[in-house]
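K.L.:
One structure follows; several queries about it will come next.
Quick note: the coordinates plus some simple rules give every number you see, no bench work behind them. Everything numeric here is computed off the predicted structure, so don't read it as measured data. We place every Cβ from the backbone using ideal geometry, glycine too, and count neighbours over all the protein chains shown.
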Amino acid sequence: MIGFLASVGATTLALLAGLGRLMIFAASSLAAIVRPPFYGREVALALLNVGYLTLPVVGLTAVFTGAALALQIYAGGARFNAEAVVPQIVAIGMVRELGPVLVGLMIAARVTSSVAAEVATMKVTEQIDALVTLSTDPLRYLVAPRVLAGLVSGPVLVAVADALGIFGGFLVGTQALDFNPTTYLRNTVDFLTLPDVTSSLVKGVAFGGIATLMGCYFGLNAGRGAQGVGAATKSSVVAAAVLILAANFALTAVFFTA
Amino acid sequence: MIDLRGVHKSFGPNQVLRGVDLHVPKGQSMVIIGGSGTGKSVLLKCVLGLVTPDAGTITVDGTDVTRSDRDAFLARFGMLFQGAALFDSLPVWQNVAFRLLRGSLKRPKGQARAIAIDKLQRVGLGPEVADRFPAELSGGMQKRVGLARAIATDPEIIFFDEPTTGLDPIMAGVINDLIREIVVDMGATTMTITHDMTSVRSIADQVAMLHGGQIRWVGAKDAVFDSADPYVTQFVNGLADGPIETLR
């Protein structure tokens, strides 16, 4: 019994210690964004990687999701003669939930993994140590630009995903379900409110930040060798995905349960 | 110049350094020998502040390394890492001029590039290498670029971590000669980690042997080859039998 309690205690302590380290890392990283020196080239490269190069995958995912959502709502709505709500539900579904969450998960899959693998490889090949000996703080040179890129790109990607998701629904609605294009668009625009859009963009900021932070954190704490790089990459994606979904719930609760 | 007193370092239950005492005089080339996993790299990293010792003091010119201004302190050092540790995303010249492109030693880009090309030539690499990326270079060339980066700002103190590991004997000889040449020309204080006795002959003024987490033996280069210490004799002559345990 005592052994069991001891193991529960040890696990809890390790979990809390890990959480504490993560919190300190997140706070230090955010502080590093606003404190000089600033590395413009690194920020530009990170914006290119996190934002611009993620656009195609986000766009395709959003279009297909919006299109599928329109079909589902139409089929489901037909059961109680509510087919006409397709534009409104696609809009609210994409903007409030699916747009931000899909973007978050896509960033976790594409960006978190690549950041973790890159930083972890730098760690195991002593490039991080080399940075320090060259009087360069890895937190400012490696982490801050990537996290900043995540915070900036997240809402932009979410906005794109929201728009393309609605467009996917619009295409299906007007081409396959006989909706009038003008009516479809008017219903979409009239139904969306400012808090819908604001919550979507705020989620984008949070998810972009979480995804890049996790990549950097697990990369910098990678173990030795190829196994260490693999483990860091896997853990970073899992942690980012879980935290994004948890943050999504928390933010939804904050915005929509008043 | 560099003084280590009672330096201890453990990683979990593994006690790597168990009270290291070592003095490296100014302008001298100290080579540290010892078996794999005896903590030689950890020792260098403790001096640089990359690893924090559990106990003991490390001073450079009498100043505790933990209390000095980090930027000013690190600006005095150059380091060649075992695998060169070049930044994959940067071309060779930007690797060499890394310190000259940012921070307190920042220069105009053209000047930094000129210095980088000059340092590359110093280690036997032509200007055509400057715009290549590290992945396009052979292991020997990467070591040379790492060496050029280590001397880019003419540091007072240079550390070399296994400078010839993984190189063929001819390239190892070239790197050894380059290191010796640079040390003599620049008058730098150096610490080199190696288990290559050819490197010891080429590079060292003084030799220290690390074993069991402590400095087992220290003395002049010539004395190491005639040492009566059985540990040193076994290591220097590469003998399987002796007091140092070997796994077979």
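K.L.:
Do you know which of the residues in the range B:41-60 that are within 14 Å of another protein chain (Cβ to nearest Cβ) and of a type outside the set (A, V, I, L, M) is nearest to B:Thr192 (Cα to Cα)?
P.N.:
B:Ser41
K.L.:
Just for helices (runs of 4 or more DSSP H) wholly inside the range B:130-237: which have at least 3 residues that are in contact with a strand residue (DSSP E or B) (Cβ under 6 Å, 6 or more places away or on another chain) and within 30 Å of B:Arg99 (Cβ to Cβ)?
P.N.:
The qualifying helices (runs of 4 or more DSSP H) are B:139-150.
K.L.:
For residues that are facing another protein chain (nearest Cβ under 8 Å) and not in a loop (DSSP other than H, G, I, E, B), scanning just the range B:86-104, find the one that is surrounded by the fewest Cβ atoms within 10 Å (Cβ to Cβ).
P.N.:
Among residues in the range B:86-104 that are facing another protein chain (nearest Cβ under 8 Å) and not in a loop (DSSP other than H, G, I, E, B), the one surrounded by the fewest Cβ atoms within 10 Å (Cβ to Cβ) is B:Ser104.
K.L.:
Report yes if some residue within the range A:66-78 is under 20 Å from the mean Cα position of the chain (by Cα) and away from every other protein chain (no Cβ under 14 Å); otherwise report no.
P.N.:
So far as the range A:66-78 goes, yes, one or more of its residues are under 20 Å from the mean Cα position of the chain (by Cα) and away from every other protein chain (no Cβ under 14 Å).
K.L.:
Would you pick out the residues in the range B:105-118 that are within 14 Å of another protein chain (Cβ to nearest Cβ) and assigned to a helix (DSSP H, G or I)?
P.N.:
B:Leu105, B:Lys109, B:Ala112, B:Ala116
K.L.:
Next question. What are the residues in the range B:71-122 that are touching a strand residue (DSSP E or B) at 6+ places or on another chain (Cβ under 8 Å) and in contact (Cβ under 8 Å) with a residue 60 or more places away in the chain, if any?
P.N.:
Correct list: B:Arg76, B:Phe77, B:Gly78, B:Met79, B:Leu80, B:Phe81, B:Gln82.
K.L.:
Which of the residues belonging to the range A:54-85 are touching a residue at least 24 places away in the same chain (Cβ under 8 Å), closer than 17 Å to A:Val156 by Cβ and out of contact with any Leu (no Cβ under 9 Å at 6 or more places or on another chain)?
P.N.:
A:Val57
K.L.:
Something else: Kindly indicate the residue of the range A:178-229 that is among the small types (Gly, Ala, Ser) and more than 23 Å from A:Met23 (Cα to Cα) and also surrounded by the most Cβ atoms within 10 Å (Cβ to Cβ) among those meeting that condition.
P.N.:
Among them, the one singled out is A:Ser200.
K.L.:
Okay, next question. Determine whether A:Glu42 is surrounded by 10 or more Cβ atoms within 10 Å (Cβ to Cβ), among the acidic types (Asp, Glu) and away from every other protein chain (no Cβ under 14 Å). Before you say what the answer is, go through the steps one by one.
P.N.:
Numbers: surrounded by 10 or more Cβ atoms within 10 Å (Cβ to Cβ): yes; among the acidic types (Asp, Glu): yes; away from every other protein chain (no Cβ under 14 Å): no.
No.
K.L.:
Shifting gears a bit: Residues to consider are B:Leu22, B:Leu80; find the one that is surrounded by 15 or more Cβ atoms within 10 Å (Cβ to Cβ), more than 23 Å from A:Leu142 (Cβ to Cβ) and in contact with a Leu (Cβ under 6 Å, 6 or more places away or on another chain). Step through it out loud before you land on a result.
P.N.:
Details: B:Leu80 fails: more than 23 Å from A:Leu142 (Cβ to Cβ).
Only one candidate qualifies: B:Leu22.
K.L.:
Can you tell me which residue in the range B:61-77 is surrounded by the fewest Cβ atoms within 10 Å (Cβ to Cβ), limited to those that are within 14 Å of chain A (Cβ to nearest Cβ) and not hydrophobic (A, V, I, L, M, F, W, C)?
P.N.:
Step by step, filter the range B:61-77, then rank; the result is B:Asp69.
K.L.:
Return the pairs, sorted by first residue and then second, in which the second residue is surrounded by fewer than 23 Cβ atoms within 10 Å (Cβ to Cβ), the first residue lies in the range B:33-57 and is acidic (Asp, Glu), the beta carbons are less than 8 Å apart, and the residues are 6+ apart or on different chains.
P.N.:
Within 8 Å, the pairs are B:Asp54/B:His8; B:Asp54/B:Lys9; B:Asp54/B:Ser10.
K.L.:
A further question follows. Of B:Arg149, B:Arg180, which residue is closer than 27 Å to B:Lys106 by Cβ and basic (Lys, Arg)?
P.N.:
B:Arg149
Residues are listed down the side, and each one gets a yes or a no for (1) within 14 Å of chain B (Cβ to nearest Cβ); (2) farther than 27 Å from A:Ala226 by Cβ:
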| site | (1), (2) |
| --- | --- |
| A:Arg110 | no, no |
| A:Thr121 | yes, no |
| A:Val132 | yes, no |
| A:Thr136 | yes, no |
| A:Arg146 | yes, no |
| A:Ala159 | no, yes |
| A:Phe170 | no, yes |
| A:Gly173 | no, yes |
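K.L.:
Follow-up. Looking only at residues in the range A:98-144 that are free of Cβ contacts under 8 Å to residues at least 24 places away in the same chain and polar (S, T, N, Q), which one is surrounded by the most Cβ atoms within 10 Å (Cβ to Cβ)?
P.N.:
Here is the first cut: in the range A:98-144, the ones free of Cβ contacts under 8 Å to residues at least 24 places away in the same chain are A:125-127, A:129-136.
Pick out the ones that are also polar (S, T, N, Q) and you get A:125, A:127, A:133, A:135-136.
Numbers: A:Thr125: 19, A:Gln127: 22, A:Thr133: 24, A:Ser135: 20, A:Thr136: 21.
That would be A:Thr133.
K.L.:
A follow-up question, please. Which numbered condition in (1) at the interface with another protein chain (Cβ under 10 Å from one of its Cβ atoms); (2) small (Gly, Ala, Ser); (3) touching an Asp or Glu at 6+ places or on another chain (Cβ under 7 Å) is the only one that B:Ala172 fails?
P.N.:
Looking at each condition in turn, B:Ala172 falls short on (1).
K.L.:
Also: Criterion first (within 15 Å of A:Lys123 (Cα to Cα) and without any contact (Cβ under 8 Å) to a residue 12 or more places away in the chain) does A:Ala222 satisfy it?
P.N.:
no
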